[in-house]
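A.B. asks: Structure provided below as structure tokens; questions to follow.
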Protein chains: 2
Amino acid sequence: MLSDTLRRRLLDALGDGALLESPEALAAYAVAATPLFAGAPAAVALPTTTAQVVAIVRACGEAGVGIVPRGSGTNLSAGTIPDRGGLVLCTARMNRILEIDAANWTAEVEPGAVTASLQAAAAAQGLYYPPDPGSQRISTLGGNVAENSGGMRCLKYGVTRDYVMGLEVVLADGSVVQTGGKNVKDVAGYDLTRLFVGSEGTLGIVTRILVRLVPAPQARGTVLACFAGMEEAAAASAAVIAAHVIPAALEFLDRATIAAVESYQPSGLPTDAAAVLLIEQDGHPAQVADDLATIARVCREAGASDLRTATDPAAADRLWAARRAALPALARLGPVLIMEDATVPRSRLADMVRAIDAAARGQGLRFATFGHAGDGNLHPTCPGDARDPALMARIDRAFEEIFAAALALGGTITGEHGVGLAKAGYLPWRLSPETMAAMRAVKRALDPGDLFNPGKIFAAPRPRTGSALHA
Amino acid sequence: MLSDTLRRRLLDALGDGALLESPEALAAYAVAATPLFAGAPAAVALPTTTAQVVAIVRACGEAGVGIVPRGSGTNLSAGTIPDRGGLVLCTARMNRILEIDAANWTAEVEPGAVTASLQAAAAAQGLYYPPDPGSQRISTLGGNVAENSGGMRCLKYGVTRDYVMGLEVVLADGSVVQTGGKNVKDVAGYDLTRLFVGSEGTLGIVTRILVRLVPAPQARGTVLACFAGMEEAAAASAAVIAAHVIPAALEFLDRATIAAVESYQPSGLPTDAAAVLLIEQDGHPAQVADDLATIARVCREAGASDLRTATDPAAADRLWAARRAALPALARLGPVLIMEDATVPRSRLADMVRAIDAAARGQGLRFATFGHAGDGNLHPTCPGDARDPALMARIDRAFEEIFAAALALGGTITGEHGVGLAKAGYLPWRLSPETMAAMRAVKRALDPGDLFNPGKIFAAPRPRTGSALHA
């Protein structure tokens, strides 16, 4: 519950209809896309201007009420859950695409602008915004910035960080800072832009975003390669890299994922394959043709049993629709789908696939795994049921083992989903106490009162209890 | 002068021959590549290991003696000048290339490794390290990281920041932090890696660097386009971008630069042209051929009087040698060459060229300008003479006007040379007090005692005295 003073200040700043306190609204914003996490916000603010965000920050700062910023809440690390109450600041009404600058290949947007809308606005001018998180049809750019979102095109095109050129951010003291700009090169002071990217709403509220665009690729084509074993698929992925091809996407789906997709949305994927790789190249038509031929050759040499090349856009789109159906298809397999995001250097992909398999079998679980093979970024998933605590504990232990294995392979606990609440206990597994201390020092410097997204990223270390770790 | 206590601690840590205090050594490290700046170090340390760097940091921290980190000192912002005395920590002996990882397309180096050595080691495995600062034959990777160095390939390939995947850094309290790693995606905590990149040695001492490599391009080719006026050259540059070509380099030289180059190292540049553009493309042979044809066409349409296309490497290399000769050629024109680094969004290139011309004429000076047209990153230069204070004051005023003009065009005071001492007074022209305060807060958080490179980046604002600003 807001105090009367804070409510009055927020209403003064926001006007009617932009401060929600009904039970229905509080229930809606108590949750987000990450299963099994819920909070209890005191209220929800829907600002439309930077000035309103400043007023909210000042009012909440003086009242000592934390602010949980969010867009569409599609992150998968419980990063937008108001688990400590406080005010949810939702950017949904700050959703304008302010400019597509065709001469400088930039776009400026408000944080609530939807990723797919930006992509469409860029495409209308022959330009391209590559980052494509799985939730791109509803995710917001503000959320993409907060999470440093990835997607399928990162191997060639990089992640959100590589496209953000400048930000407007409201800091904890209510000051508004501008970082970066349209200059391709700019070394005037610290790179605050990239400090805010990926900071999960813990350092400030982003109110404007300037991103880089690139010319749309002229051509694209896709190879589907089917393998009798996971090892062969991982070897083929490594062979593509060894051939010095940088594909636009290099995705893989295991047998269980293929089965789920075909049952949910029949797409012609081979249900008898142990794994498939979906590999896209884009660019100059001659490069696409040559690279697809190279990709097909190395996949064949690595043991691909079936190879299909799709160069007409409709056929390629069908294959990619199948890949994009993986998550919704798997989500149908149980009351809740637990999905993780362990990532390894790409050369360790086969080791990581083996470790996932061992962790699942060790706990008597059936996993389905898909993900970004070219990035070493895997999404092992397991259907769960919150009503079955023993099952959930086994899933938990399996994922602990997976994180430990990823770290042992030089990997990380999260490639693209963020830390949020879901991974906060694991972050000290990934980072040394000294590195954690440096991050905390930065947090304290910019948000000394812990106003922004309190409790996210930083938490007490989670003890290692996974059975593999005791072996 | 070091205190006896500090000297003893440093000698204990470093061993013989790695702590220099002779007048000759102190004189050598008092200066660096930026003309007109000199300091007076108390001593010079040449560590070989991270442990020695830690010992130096601890000893200097306790003694309250500042540390000025440097590699080859090739930065052009007086960033490595020990103007407040203290200890120069030179990484020259930490120069190993530790690993080229062909499977993950990464390289790990010590900070004193020379940029060109890394490029050669990568090339030996068919890989490519794109950042190419002008000083690449002697500059160190540690210096590149500190300055977020650019070069000629940034439009297509990005700057140093875009290649650094991870760092080992010694912090002010002597702790050693590891950031990033070989994972293409990793969102575990704040992006400290990119906070350190471009921080000019003010936040920590980098002791290891992990960089990303890319496959070497298969083919390359260059177009030389000659123009009767600067405006036409700027229009041609914009037309290349409008044609959605992303050249590997898009450089320009004005008439004065061409004359200096031809007098220094005859290269066949057209001395009757007002400006030339040198445009390189690399990649798939068919893409290179198509893009060079497009580039030639749009340059012709923009009024190019002469066009040469070089697709054999030797011919292309001769053209690029001419471009790389610009700085040494101009440096011969007077006792000292003052060079600047104003940068604008690429669409404002023609406006910036006009502003440089107006500033030079307003002060009765003859400028020569070259630079990275595709990045909007221009290097106006003027020969000076420290014995002529009136001349130096006019040059100073002209550059002030140039900075003010760049800022008015949405540009910045430094695209790739850094702030250091040389630009510290101008930084508050570029950044708001709120943004400066946020940067200072980060500095205080990580280096509360101002141990690292004290006095760099942050300084009192320089009053605006340029005559154009009074108009």
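A.B. asks: When residue A:330 is evaluated against the numbered criteria (1) touching a strand residue (DSSP E or B) at 6+ places or on another chain (Cβ under 6 Å); (2) outside any helix (DSSP H, G or I), which criterion, by number, is the only one it fails?
C.D. replies: Condition not satisfied by residue A:330: (2).
A.B. asks: Pairs under 7 Å by beta carbon, first residue closer than 9 Å to residue A:398 by Cβ in segment A:349-361, partner of a type in the set (Val, Ile, Thr) and surrounded by 24 or more Cβ atoms within 10 Å (Cβ to Cβ), six or more apart or different chains?
C.D. replies: A:356/A:369; A:356/A:402; A:359/A:402
A.B. asks: Still on this structure, please answer the following. Whether any residue in segment B:359-377 is aromatic (Phe, Trp, Tyr) and touching a strand residue (DSSP E or B) at 6+ places or on another chain (Cβ under 6 Å) is what I want to check. First the steps, then the outcome.
C.D. replies: Initial filter on segment B:359-377 (aromatic (Phe, Trp, Tyr)): B:367, B:370.
Those still in the list that are touching a strand residue (DSSP E or B) at 6+ places or on another chain (Cβ under 6 Å) too: B:367, B:370.
Scanning segment B:359-377, I find at least one residue that is aromatic (Phe, Trp, Tyr) and touching a strand residue (DSSP E or B) at 6+ places or on another chain (Cβ under 6 Å), so the answer is yes.
A.B. asks: Restricting the search to segment B:145-159, which residues are more than 11 Å from chain A (Cβ to nearest Cβ) and either of a type in the set (Val, Ile, Thr) or more than 23 Å from residue A:157 (Cα to Cα) (or both)?
C.D. replies: Of everything in segment B:145-159, just one residue is more than 11 Å from chain A (Cβ to nearest Cβ) and either of a type in the set (Val, Ile, Thr) or more than 23 Å from residue A:157 (Cα to Cα) (or both), namely B:145.
A.B. asks: Do we find that residue A:327 is touching a residue at least 12 places away in the same chain (Cβ under 8 Å), surrounded by 18 or more Cβ atoms within 10 Å (Cβ to Cβ) and more than 14 Å from every other protein chain (Cβ to nearest Cβ) in this structure?
C.D. replies: yes
A.B. asks: Based on what the data block shows, is residue A:127 over 23 Å from residue B:376 (Cα atoms) and touching a strand residue (DSSP E or B) at 6+ places or on another chain (Cβ under 9 Å)? Let's see the steps before the verdict.
C.D. replies: On the way: over 23 Å from residue B:376 (Cα atoms): no; touching a strand residue (DSSP E or B) at 6+ places or on another chain (Cβ under 9 Å): yes.
The answer is no for residue A:127.
A.B. asks: Of everything in segment B:339-356, what is touching a Phe, Trp or Tyr at 6+ places or on another chain (Cβ under 8 Å) and at pLDDT below 95? Give them in sequence order. Spell out the reasoning first.
C.D. replies: So in segment B:339-356, the residues touching a Phe, Trp or Tyr at 6+ places or on another chain (Cβ under 8 Å) come out as B:340, B:342, B:356.
The answer is B:340, B:342.
A.B. asks: Take the residues in segment B:418-432 that are part of a loop (DSSP other than H, G, I, E, B) and within 7 Å of chain A (Cβ to nearest Cβ), then tell me which one is farthest from the chain's Cα centre (by Cα). Steps first, answer last, please.
C.D. replies: Let us first name the residues in segment B:418-432 that are part of a loop (DSSP other than H, G, I, E, B), namely B:418-426, B:431-432.
Of the ones still in play, those that are also within 7 Å of chain A (Cβ to nearest Cβ) are B:418-419, B:431-432.
Working: B:418: 7, B:419: 10, B:431: 20, B:432: 24 Å.
Among those that are part of a loop (DSSP other than H, G, I, E, B) and within 7 Å of chain A (Cβ to nearest Cβ), it is B:432.
A.B. asks: Please tell me if residue B:89 is more than 14 Å from chain A (Cβ to nearest Cβ), in a strand (DSSP E or B), of a type in the set (A, V, I, L, M) and more than 19 Å from the chain's Cα centre (by Cα). Explain how you work it out, then say what you get.
C.D. replies: Details: more than 14 Å from chain A (Cβ to nearest Cβ): yes; in a strand (DSSP E or B): yes; of a type in the set (A, V, I, L, M): yes; more than 19 Å from the chain's Cα centre (by Cα): yes.
When the stated conditions are applied, residue B:89 passes them.
A.B. asks: While we're here: If a residue has to be touching a residue at least 60 places away in the same chain (Cβ under 8 Å), at positive phi and more than 12 Å from the chain's Cα centre (by Cα) to count, how many in segment A:106-161 make the cut?
C.D. replies: Total satisfying the criteria: 1.
The rows are residues; the columns are (1) among the β-branched types (Val, Ile, Thr); (2) closer than 28 Å to residue A:377 by Cα; (3) in a strand (DSSP E or B); (4) not assigned by TED's automatic domain parsing to the domain that holds residue B:55.
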| position | (1), (2), (3), (4) |
| --- | --- |
| B:131 | no, yes, no, yes |
| B:178 | no, yes, yes, yes |
| B:183 | no, yes, no, yes |
| B:195 | no, yes, no, yes |
| B:201 | no, no, no, yes |
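A.B. asks: Looking at segment B:182-194, I want the residues that are touching a residue at least 60 places away in the same chain (Cβ under 8 Å) and at the interface with chain A (Cβ under 7 Å from one of its Cβ atoms) and have a partner that is of a type outside the set (Val, Ile, Thr) and in a loop (DSSP other than H, G, I, E, B) with Cβ atoms under 9 Å, at least 6 apart or on another chain. Which pairs are those?
C.D. replies: Pairs that qualify, where the first residue is touching a residue at least 60 places away in the same chain (Cβ under 8 Å) and at the interface with chain A (Cβ under 7 Å from one of its Cβ atoms) and the partner is of a type outside the set (Val, Ile, Thr) and in a loop (DSSP other than H, G, I, E, B), are B:182/A:345; B:182/A:376; B:182/A:410; B:182/A:411; B:182/B:104.
A.B. asks: Confirm whether residue A:370 is among the aromatic types (Phe, Trp, Tyr) and within 14 Å of chain B (Cβ to nearest Cβ).
C.D. replies: Values: among the aromatic types (Phe, Trp, Tyr): yes; within 14 Å of chain B (Cβ to nearest Cβ): no.
Answer is no for this residue.
A.B. asks: Take residue B:39 and tell me if it is part of a loop (DSSP other than H, G, I, E, B), of a type outside the set (Phe, Trp, Tyr), at pLDDT 95 or above and at positive phi. Explain how you work it out, then say what you get.
C.D. replies: Numbers: part of a loop (DSSP other than H, G, I, E, B): yes; of a type outside the set (Phe, Trp, Tyr): yes; at pLDDT 95 or above: yes; at positive phi: no.
No, not satisfied.
Residue-wise test of (1) touching a Cys at 6+ places or on another chain (Cβ under 9 Å); (2) modelled with pLDDT under 95; (3) closer than 30 Å to residue A:213 by Cα.
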residue	(1), (2), (3)
A:50	no, no, yes
A:63	no, no, no
A:74	no, no, yes
A:89	yes, no, yes
A:93	no, no, yes
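A.B. asks: Right, residue A:199: buried (at least 23 other Cβ atoms within 10 Å of the Cβ), closer than 30 Å to residue B:419 by Cα and out of contact with any strand residue (DSSP E or B) (no Cβ under 8 Å at 6 or more places or on another chain) or not? Spell out the reasoning first.
C.D. replies: Working: buried (at least 23 other Cβ atoms within 10 Å of the Cβ): yes; closer than 30 Å to residue B:419 by Cα: yes; out of contact with any strand residue (DSSP E or B) (no Cβ under 8 Å at 6 or more places or on another chain): yes.
Here the answer is yes, as residue A:199 does meet what is asked.
A.B. asks: Quickly run through segment A:232-262 and pick out the residues that are more than 29 Å from residue B:128 (Cα to Cα) and either among the charged types (D, E, K, R) or more than 26 Å from the chain's Cα centre (by Cα) (or both).
C.D. replies: Of the residues in segment A:232-262, the ones more than 29 Å from residue B:128 (Cα to Cα) are A:253-262.
Listed by number, the residues that qualify are A:254, A:255, A:262.
The values are calculated or read from the model by the stated rules, or taken from the named source; none is laboratory data. Predicted model only: the values in this text are computed from it and were never measured. No Cβ is skipped: glycine too gets one built from the backbone with ideal geometry, and neighbour counts run over all protein chains shown.
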